[in-house]
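Each remark here refers to the structure printed beneath this line.
The values are calculated or read from the model by the stated rules, or taken from the named source; none is laboratory data. What you see is a predicted model; the values in this text were computed from it and never measured. Cβ placement follows ideal geometry from the backbone for every residue including glycine, while neighbour counts extend to all protein chains displayed. Only protein heavy atoms, including side chains, enter the accessible area calculation; ligands, DNA and RNA are left aside. Shrake-Rupley method; radii C 1.70, N 1.55, O 1.52, S 1.80 Å.
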Amino acid sequence: MGNARILIFTLACVSLHSVVKSLSHEPELGSARVVFQTSYGDIEFGFYPTVAPVTVEHIFKLVRLGGYNTNHFFRVDKGFVAQVADVPNGRSAPMNEEQKKVAYKTIPGEFSDVKHVRGILSMGRHDDPNSGGSSFSMLLGDAPHLDGKYAVFGKVTRGDETLRKLEEVPTRREGIFVMPTERITILSTYYYDTKMESCEEERTVLKRRLEASFLEVERQRMKCFP
């Protein structure tokens, strides 16, 4: 009887551990990284391609086209969100035809069970769940009321200190929005691939080792076969 109770307790603990693990599970980040160089500092983020593949492809394409250059954060609600304006209305520079084609496109809502916590990237949209465009939010705190209603597609990987600076900017309220009183400009953007960065480092190390081995072979040749 005692052994049976121990077994039941053990199974219950294992089951509870599995539940906690599944609830705390974080999707794997892709290797691409995007950096927004703002007037308050840099913010780097990565994507969740397995969670929201269409959204990731759309936002990353806009980044590669330079769509977010000269855009801005139109909304900064401390402890809630810092929201990037939609590209067509947020940029101060005009768009070329290719940028317009992507910027005016809408995408389906890719809702998931990934939680809205600080640092998460979440698509903006209108009442229509399939009206996502180019505006998105960086979460400044936990927002469980957004879970399952807005598409999560990535997270901030560096630059939390910049987000904290944004939270201290003077704001004004306009309807439901808390907006900064000064323009927080995305001066420029760039992207890179962490796998390529890793490969480049490995190639450099390998090159150094090969050069060292060549020197050693030459030293032995000169010693043995002058």
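Annotations
- Residue list for the stretch 49-61, restricted to those being crowded, with 17+ Cβ neighbours inside 10 Å and within 22 Å of F73 (Cα to Cα): T55, V56, H58, I59, F60
- Single condition E57 does not satisfy, out of (1) closer than 26 Å to F177 by Cβ; (2) modelled with pLDDT of 95 or more: (1)
- Figure legend. Inter-residue proximity from the stretch 89-113: first residues within 20 Å of P53 (Cβ to Cβ) and touching a residue at least 24 places away in the same chain (Cβ under 8 Å), second residues outside any strand (DSSP E or B) and among the basic types (K, R), beta-carbon distance below 6 Å, spacing 6+ or different chains. Indicated pairs: V102/K61.
- Residue selected from the stretch 24-45 under the condition among the small types (G, A, S) and in contact with a helix residue (DSSP H, G or I) (Cβ under 8 Å, 6 or more places away or on another chain), by the criterion nearest to E182 (Cα to Cα): G41
- Considering S92, S112, the condition of being polar (S, T, N, Q), assigned to a loop (DSSP other than H, G, I, E, B) and open to solvent by less than 80 Å² (accessible area, probe 1.4 Å) is satisfied by S112 alone.
- Of the residues making up the stretch 128-175, those that are surrounded by fewer than 15 Cβ atoms within 10 Å (Cβ to Cβ), modelled with pLDDT of 95 or more and either among the aromatic types (F, W, Y) or assigned to a strand (DSSP E or B) (or both) are R158, R172, R173.
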